[in-house]
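Below: the structure, in structure tokens.
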Amino acid sequence: MQLTRRSFCKSTIAVAALTLMGARMAVTNRAYAETNTTSIVNKENNMTFTLPELPYAGDALEPYISANTLSFHHGKHHQAYVTNLNNLIKDSDLAKLSLEEIIKKTAGDSAKAGIFNNAAQVWNHTFYWNSMKPSGGGAPKGKIADKITKDFGSFDAFKEAFKTAGATQFGSGWAWLVLENGTLKVTKTPNADLPMVHNQTAILTMDVWEHAYYLDYQNRRPDYITTFLDKLVNWDFANANLG
Ligand code: MN3
């Protein structure tokens, strides 16, 4: 993580504010909370969301995901969702809520679809950055490895299910490893839809919107998915999310 002096100061202030506010934070996912406490929650003025920093350098996922892709995906797409969300909730009661509260409150409300979409995309992208790491991928270790074997039959069976979910999500969306009623499942969601509004806990995600891979893989989505599994998955994050 590359912190500028300005963002470091902001983070320090945010951490202090968080410590004081304590229960203000309602991030369901423990690891997600630990990795994003400085940036995902409302800032010191308690009204505005900020773009979380990437958990690694912008070129750290090369050659699998280029610095160019991350620059646009994080700096432009993710930032746009943050900016849109702030504009949409400005001066409303929603501005006082946590990101997850906003997502849950607006889910399924067609009059608030714009707010839901932008809030969920802020959450999804932060979760996606953390679902990858440099020198990641390959077979999992620890309790997630045992749980995958138990619930899918084998790691290869999980990989096939995840590849199929990613490749068959028509148009824009996400592939997920989730925990539902104590069992791991692979799911896919369209657009901004996400597990927390389906009584599921997110364990890992992969963005299959074209902007996630088109600069590096063009139309070869299956190659991007295979690379994600073989070279990028952050199993430490998955283990932490499993709780
Ligand atoms: Mn995206």
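The values are calculated or read from the model by the stated rules, or taken from the named source; none is laboratory data. Just so it is clear, the structure is predicted and the values come from calculations on it, not from any experiment. As a convention, Cβ positions derive from the backbone with ideal geometry for all residues, glycine included, and neighbour counts pool all protein chains shown.
So that you can scan it fast, the table gives a plain yes or no per residue for (1) within 15 Å of the ligand (Cβ to nearest atom); (2) surrounded by fewer than 17 Cβ atoms within 10 Å (Cβ to Cβ); (3) of a type outside the set (Phe, Trp, Tyr); (4) more than 12 Å from the chain's Cα centre (by Cα):
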site	(1), (2), (3), (4)
THR164	no, yes, yes, yes
PHE170	no, yes, no, yes
GLY182	no, yes, yes, yes
LYS185	no, no, yes, yes
PRO195	no, no, yes, no
ILE203	no, no, yes, no
*Where in the range 98-198 are the helices (runs of 4 or more DSSP H), entirely inside, with at least 3 residues that are touching a residue at least 60 places away in the same chain (Cβ under 8 Å) and among the charged types (D, E, K, R)?*
99-106
*Do you know which residues across the range 96-141 are of a type in the set (S, T, N, Q) and within 27 Å of TYR213 (Cα to Cα)?*
ASN117, ASN118, GLN121, ASN124, THR126, ASN130, SER131, SER135
_THR149, sole failed condition from (1) under 28 Å from GLU100 (Cβ atoms); (2) modelled with pLDDT of 95 or more_ = (1)
